[in-house]
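These notes are about the structure you will find just below.
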Amino acid sequence: MSTPLRVRYAPSPTGHLHIGGARTALFDYLLARKNGGQFVVRFEDTDQTRHVESGVQNQLDGLSWLGLKWDESVDIGGPYAPYRQMERLGLYQPFIDQLLNERNAYHCYCTEQELEREREEQEARGETPQYSGRCRHLTAEQKAEFEAEGRKPSIRFHVPKDKIIAFKDKVREEVEFETNGIGDFIIVRPDGIPTYNFAVILDDHLMKISLVIRGEEHLTNTPRQIMLYEALGLPVPDFAHLSLILNPDRKKMSKRDESIIQFVQQYSELGYLPEAVVNFIALLGWSPGGEVEMFTLEELVEQFDLDRVSKSPAVFDMDKLNWMNNHYIKQAPLERIAGLAVPHLQKAGLIPAELSEDQQRWATELVGLYQEQLRYAAEIVDLAELFFREKLAFDDEAAALLAEEHVPAVVQSFLKQVESADSLAPENVQKLLKAVQAETGYKGKQLFMSIRVALTGQMHGRDLNMTIHLLGREKVQERLRALL
């Protein structure tokens, strides 16, 4: 009987969920669900200098917003708890003792200054900097001397020389590293806290993780981790290293890169739909092998396979994401999109924070007017700004149209119709426009565009009847009179 697939997403709780981490978590989730396995979320918080107190909840909130449900983590527990490294420190000690007892690790008393001097000397000789191993064979007396000086040792792993570390990556296929290019590396810091490369392999082993999916930037960590597995006599899990995500200029994404929205929380705040973001992220490096690009999460579970994950970098295309999100917005119920968009109008101070029933209905209809256009909900503020202007501004094209001789008659006639109308419901507006046509003899562009420009300052826009209805009688009359 084969072992059930167990995968994990294991971020450092240093802030919000980054798009690269979201892709890793998504691929983990898809494989676990497809294969009846478990998806574990744990937190690698041993680097306390970068720890952010809200980081754990931020990560969970981001995953939850995307619709990814985990089987084990800090919030729901599980058979391999605890799921934070700092709460697991006691579990690591037997493995540290084993490596020391079998001389696969040793205490290193070198100071930062000594290590920096050694690094500078190696660089001056044109060598690749790596630890020389100077503390590898210290006597008990030498150790006692260092300790008398107050030095606290770190623990380094003894890297074997002239060895090839080879493994078959699920994405990159055959990968090899020479151990001679890897110096003895620290596995436990002087404060007794294990480093990433050591703690991660112990957690993966103790939690029975069978497949490790992570970004390409971790590829150089893999030979170190395999050496630790082998030295401890532990089974080595499978690895899959995902390619980099590049910015639109095909350069490595930097957290300071403003051409891309990089954190999942920002998408949530801007009013993107999680199903669109999931769909887009899934296609960053994975190809479904057909023409179809739109997938629900359930369909992604059925389709996803590591065999179709590319070794080439993925390019993050904001235009494509916006197109995809617009596709999902157009298909969503208006109430849902209004629920995302109306708070942006409130935040911008365009409508009250507390809405009456009539105000809520008006705001929902306003969002409905632009639903086909919205790339994300926050865009409603810019798209609908014409409804909130105190005074209209006309560009040269609009001003030229308003200067045409037919315009005063059309505007005057329409103002008269509005003043005597029972209501400006869209179907009623249509009747008023027909009455203007009958009275003035103007139709088509001369009629409709004249009124649109007079009321909005724009040559083109959304449905004119609905636009007039939403402007309301008072504002319509005010703008028409101002023009006359």
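The values are calculated or read from the model by the stated rules, or taken from the named source; none is laboratory data. Quick caveat: nothing in here was measured; it's all calculated off a predicted structure. Quick reminder, even Gly has a Cβ in these numbers, built from the backbone with ideal geometry, and neighbours come from all protein chains shown. These accessible areas exclude ligands, DNA and RNA; they are computed on the full protein's heavy atoms, side chains included. Shrake-Rupley method; radii C 1.70, N 1.55, O 1.52, S 1.80 Å.
Between residue 175 and residue 256, the C-beta separation translates, for a Förster distance of 41 Å, into a calculated FRET efficiency of about 0.85. Projected label points at residue 319 and residue 435, each 7 Å from Cα along the beta carbon direction, are separated by 4.7 nanometres. Prolate is the label for segment 123-176, because a/c, from the alpha-carbon gyration tensor with a ≥ b ≥ c as root eigenvalues, is 1.5 or above and a/b exceeds b/c. For the chain, the Cys residues with no second cysteine's beta carbon closer than 4.7 Å are 110. Here mean projected area of the Cα convex hull in nm² was computed from the coordinates, and among (i) 32.0; (ii) 34.2; (iii) 27.6 the match is (i). Neighbours of residue 168 by Cβ distance under 14 Å: Lys/Arg scored +1, Asp/Glu scored -1, total -3.
Between residue 147 and residue 49, 0.36 nm times their residue separation minus their Cα-Cα distance comes to what?
32.7 nm
Taking a ≥ b ≥ c as the square roots of the eigenvalues of the alpha-carbon gyration tensor, segment 74-132 is classed prolate because a/c is 1.5 or more and a/b outweighs b/c. Can you grab the distance from the C-alpha centre of segment 287-353 to the C-alpha centre of segment 1-46, Å, no decimals? The distance from the Cα centre of segment 287-353 to that of segment 1-46 comes to 21 Å.
Protection proxy ranking of 433-439, 6-12, by the mean of other Cβ atoms within 10 Å over each peptide's residues and highest first, is 6-12, 433-439. Considering only 393, 78, 353, the residue lying farthest towards the positive end of the dipole of the chain is 393, judged by Cα position with unit charges set on Cβ.
Under 19 Å of direct C-alpha separation, and excluding same-chain neighbours fewer than eight residues apart, residue 416 reaches these lysines: 431, 434, 443, 475. Note on residue 404/residue 162: beta-carbon distance plugged into 1/(1 + (r/R0)^6) with R0 of 51 Å gives a FRET efficiency of 0.05. Cross-linked pairs 252/311; 34/69; 170/252: Cα-Cα separations exceed 19 Å for 170/252.
Of the accessible area of segment 38-195, computed with a 1.4 Å probe over protein heavy atoms only, carbon and sulfur atoms account for 46 percent. Neighbours of residue 65 by Cβ distance under 14 Å: Lys/Arg scored +1, Asp/Glu scored -1, total -2. Taking all Cα pairs closer than 8 Å and separated by 6 or more residues, the relative contact order of segment 1-86 comes to 36 percent. A Förster distance of 30 Å, applied to the separation of the beta-carbon atoms of residue 310 and residue 236, puts the FRET efficiency at 0.75. For the chain, the solvent-accessible area works out to 49 Å² per residue, with a probe of 1.4 Å and every protein chain left in place. When each of the peptides 443-449, 465-471 is scored by the mean number of other C-beta atoms lying within 10 Å of its residues, the order from highest to lowest reads 465-471, 443-449. Taking other residues whose beta carbon is less than 13 angstrom from the beta carbon of residue 81, and scoring Lys, Arg as +1 and Asp, Glu as -1, yields -2.
Using the rule -39500 (n - 2.57) for each DSSP H run of four or more residues, divided by the residues of the chain, the 222 nm mean residue ellipticity is -14000 deg cm²/dmol. Taking only the Cα atoms of segment 214-344, the radius of gyration and Dmax are 18.2, 60 Å.
With contacts taken as Cα pairs under 8 Å at a separation of at least 6 residues, segment 162-202 carries a relative contact order of 26 percent. Rolling a 1.4 angstrom probe over segment 362-484 with all protein chains present gives an accessible area of which 47% lies on carbon and sulfur atoms. Decide, for segment 92-168, between rounded, prolate and oblate: order the square roots of the alpha carbon gyration tensor eigenvalues as a ≥ b ≥ c, take rounded if a/c falls under 1.5, and otherwise choose prolate if a/b is larger than b/c, else oblate. Oblate shape, in that a/c is at least 1.5 and b/c is the bigger or equal ratio. Relative contact order, percent, of the chain when contacts are C-alpha pairs under 8 Å separated by at least 6 residues? Here the relative contact order equals 12 percent.
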